[in-house]
Number of protein chains: 2
Amino acid sequence: MKQPVRVTVTGAAGQICYSLLFRIASGEMLGNDQPVILQLLEITPALKVLEAVKMELNDCAFPLLQDVICTDDAAVAFKGSDYGLMVGAKPRGPGMERGDLLKDNGKIFSTLGKIINDVANPDMKICVVGNPANTNAYILMKNAPNLKPQNITALTRLDHNRAIYQLAAKTEQPMNTVKKLTIWGNHSTTQVPDISHTTVSGKAASEMVDTAWAHAEFMPKVAKRGAEVISARGSSSAASAANGVIDHMRSWVLGTDEGDWVSMAVYSDGSYGIEKGLIYSYPVTCKNGDWTIITDLTNSDFITAKMKESEKELQEERDTCSDLFA
Amino acid sequence: MKQPVRVTVTGAAGQICYSLLFRIASGEMLGNDQPVILQLLEITPALKVLEAVKMELNDCAFPLLQDVICTDDAAVAFKGSDYGLMVGAKPRGPGMERGDLLKDNGKIFSTLGKIINDVANPDMKICVVGNPANTNAYILMKNAPNLKPQNITALTRLDHNRAIYQLAAKTEQPMNTVKKLTIWGNHSTTQVPDISHTTVSGKAASEMVDTAWAHAEFMPKVAKRGAEVISARGSSSAASAANGVIDHMRSWVLGTDEGDWVSMAVYSDGSYGIEKGLIYSYPVTCKNGDWTIITDLTNSDFITAKMKESEKELQEERDTCSDLFA
């Protein structure tokens, strides 16, 4: 049996985590042979509910679950942590400006970044889920210089999976036949769901659907799917977001499938002319715990222009919070 | 790739199913090589929320999930069904007598039993979760004579897992070292959590904890854990109940581990002097999709008396609903 790893989860008493934690503990995220210690962080008023989540985790008798730590102290939650799932964030309240949201969350993520820098495993791998996810990840990175910037990522796998479903439904093909789909950019409505290089059942998607559908229907449908789910469900997507986190981390740690790639928002190396250092969603393959950007794709002028728009939004988000990093 | 199987789930828009469905679709219940079609049943007012659950299931792009059918028509939900997870049941309202609860749920399960009898795969395997689970399963069985009575079971795996945790915590040993624990009887407060034959890290549990603790603390703690979770969480256990269902079905279909057994409420063959035909929780091993009761245990007078009490409760529950079967 492997040595246990420490998985820190923030916002742990919330709805996404109620779907997420049990799947981590069952081995779905890191594999059936990897024992885990869950280190769960919440704000003080949510600790009572978090203790109930811990009771239920214990009541599953998961063979891989070695311990569950519940705390409102980030220095305890991130102590020696190997993996960090940053689910907690301040939601946008009524009448709140986007700039205020950015600043409030920026403060949370700069504080957490400093603590992580001091107490976590320097090889810690992080996935930011709480919105604005890419910019929260950027601020965390700037405040945690001991961590490798390549190990701080943000979630666009939910968008990636949503896009697979839309294309599979349109082409009436099984979802597991959709390969090499890409989400570029920011996890926001400026994201760029791109099927230019995608295959479905071995055929080029571009030969199965027309470009007008891809641009005018598919792209906005994927980008706005979150709002559609909220409207139908009465609350935001939780189980599918949790599933995106499981998929993101599993691909990163255990590798991507041969002949396919996934979308992850990662530290830009300047590929495709995107500003180096931004946390930007790219197509990546993963092996031995490292991701590698697919760098040899040729993009249309339309996709390139959309990618630059999403880059511009990320630059503006960053500039709003520039007081939070040196 | 195997042929897909049809999994019917009732009460599919509720909280237990929000935890359950995504784990079924990911392959945790029936294995990573078994495609599934989910056939989801709800009452008409819940169909809108159920459609939102379907959206999120699609948004996970699960490779094994072939289709999701949402319906308020049981004849559609159980058509050709291979597995039935009967989660939906009428909850006990304020001021409601236990007898009324039994009768209301008895009507639901007699109706569903008749429909299942007509439209499902005659080899269908059923796990009843909705309470009173054992008696609901009994009534369903009596109304579905085309099914094998051995294929109609009720859930006591959640109690089993809760008992493992309590014993592991008391002995300060890892949960995966607790083997051969038993829940006897009814999934109610008369259940009999029994560690007489249990080992922990290879040692007899009876040598590690004293009998007074087992009888006065462990047994009521396990039997009343549901109420404790409700009190802490503000609502009933959902994710841990869903996990019990996953474990129950996985053990049944894919087999139990060598050197261990699990607890399942199954059709009594008269073992241990329990009335033949009652749906009673026993220690069982599973192989090739069949369960076998462990019949060679010697029980203390204390345990035997408790087992008879739980049998008596099941007989009384059955007699309350005797108008619902021939």
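Tell me whether the range A:5-154 comes out rounded, prolate or oblate; compute the Cα gyration tensor, take square roots of the eigenvalues as a ≥ b ≥ c, and use a/c under 1.5 as the rounded threshold. Walk me through the numbers before you get to the answer.
Details: a/c = 1.92, a/b = 1.33, b/c = 1.45.
It comes out oblate by the Cα gyration axes.
Peptide A:236-242: average number of partner chain Cβ atoms within 10 Å per residue? Could the numbers behind the result be given before it?
Values: counts 0, 4, 3, 11, 9, 3, 3.
Across the residues of A:236-242, the mean count of other-chain Cβ atoms within 10 Å is 5.
If you take the charge dipole of the range A:16-140 about its Cα centre, with +1 on Lys and Arg Cβ and -1 on Asp and Glu Cβ, which of A:Ala52, A:Met124, A:Ala89 is farthest toward its positive end?
A:Ala89
What distance in nm lies between label points placed 7 Å from Cα along the C-beta direction at A:Asn146 and A:Met96?
Calculated label separation equals 3.0 nm.
Copy-to-copy spacing for A:Gly234, label 7 Å out on the Cα-to-C-beta vector, in nm, shortest first?
Label-point separations across copies, in nm and ascending: 1.6.
So, for the protein assembly as shown, what is the accessible surface per residue at a probe of 1.4 Å, expressed in square angstrom? Intermediate values should be presented prior to the final figure.
Values: 25290 Å² over 652 residues.
Solvent-accessible surface per residue comes out at 39 Å².
Do the alpha carbons of any pairs in A:Lys79/A:Lys103; A:Lys170/B:Lys54; A:Lys224/B:Lys79 sit beyond 23 Å of each other, and which pairs? Please report the intermediate quantities before stating the final value.
Values: A:Lys79/A:Lys103 26 Å; A:Lys170/B:Lys54 17 Å; A:Lys224/B:Lys79 35 Å.
With Cα atoms farther than 23 Å apart: A:Lys79/A:Lys103; A:Lys224/B:Lys79.
Per residue Cα convex hull volume for the range A:44-86, in cubic angstrom? Don't jump to the answer; show the numbers that get you there.
Details: hull volume 3.6 nm³, N = 43.
Given the Cα convex hull of the range A:44-86, per-residue volume reads 83 Å³.
Return the aspartates and glutamates within reach of A:Lys148: Cα separation strictly under 19 angstrom, same-chain partners fewer than 8 residues apart disregarded; answer none if there are no such residues.
Within the straight-line cut-off, A:Lys148 pairs with A:Asp82, A:Asp118, A:Asp123, A:Asp269, A:Glu275, A:Asp290.
Taking only Cα atoms, what is the 0 to 90° angle, nearest 10, from helix B:239-254's long axis to the longest principal axis of chain B?
So the inclination is approximately 90 degrees.
Using the Kirkwood formula on the Cα atoms of the range A:207-283, what hydrodynamic radius do you get, in angstrom to one decimal?
Working: mean 1/r = 0.0657 Å⁻¹.
Hydrodynamic radius (Kirkwood, Cα only) of the range A:207-283 equals 15.2 Å.
Cα gyration tensor of the range B:98-237, axes a ≥ b ≥ c as square roots of the eigenvalues: rounded (a/c below 1.5), prolate (a/b > b/c) or oblate? Intermediate results must be reported in sequence, preceding the final value.
Numbers: a/c = 2.81, a/b = 1.89, b/c = 1.48.
In terms of gyration-tensor shape, prolate.
Kirkwood hydrodynamic radius, computed over distinct alpha-carbon pairs, for chain B: how many Å, to one decimal? Write out the running numbers ahead of the final one.
Details: mean 1/r = 0.0500 Å⁻¹.
Roughly 20.0 Å, rounded to one decimal.
Using a 10 Å Cβ count of at most 10 others and DSSP loop calls, identify the longest part of chain B lacking such GluC sites (Glu not before Pro).
On the way: sites that count: B:Glu97, B:Glu172, B:Glu258.
The longest uninterrupted stretch comes out as B:1-96.
Rounded if a/c is under 1.5, else prolate if a/b beats b/c, else oblate: with a ≥ b ≥ c from the C-alpha gyration tensor eigenvalues square-rooted, which is the range A:157-318? Before the final figure, lay out each step's value.
Values: a/c = 1.14, a/b = 1.11, b/c = 1.03.
It is rounded, given that a/c, with a ≥ b ≥ c, falls under 1.5.
Taking a point 7 angstrom from the Cα of B:Ser322 along the C-beta vector, which residues in the range B:118-137 have backbone N less than 14 Å away?
None, by backbone N distance to the label point.
Two decimals, Cα atoms only, Kirkwood Rh: what is Rg/Rh over the protein assembly as shown?
Details: Rg = 25.7 Å, Rh = 26.0 Å.
With Rg and the Kirkwood Rh in hand, the quotient comes to 0.99.
Leaving out ligands, DNA and RNA, and with a 1.4 Å probe, what % of the accessible surface on chain B is carbon or sulfur? Intermediate values should be presented prior to the final figure.
Working: 6230 of 12640 Å².
For chain B, the apolar C and S fraction of the accessible surface comes to 49 percent.
Output the peptides B:82-88, B:175-181, A:196-202 sorted from most to least packed, where packing is the average of other Cβ atoms within 10 Å over each peptide's residues. Spell out each step's value before the answer.
Values: B:82-88: 25.1, B:175-181: 20.6, A:196-202: 17.9.
Averaged packing, sorted descending, gives the order B:82-88, B:175-181, A:196-202.
Once the label point is placed 7 Å from Cα along Cβ, list for B:Asp296 the distances to the corresponding points in the other copies, in nm, shortest first.
6.4
The values are calculated or read from the model by the stated rules, or taken from the named source; none is laboratory data. Quick caveat, the model's predicted, so the values are computed rather than measured. Cβ atoms come from the backbone with ideal geometry, glycine included; neighbour counts cover every protein chain shown. Areas reflect the complete protein model, heavy atoms only, side chains present, ligands, DNA and RNA absent. Shrake-Rupley method; radii C 1.70, N 1.55, O 1.52, S 1.80 Å.
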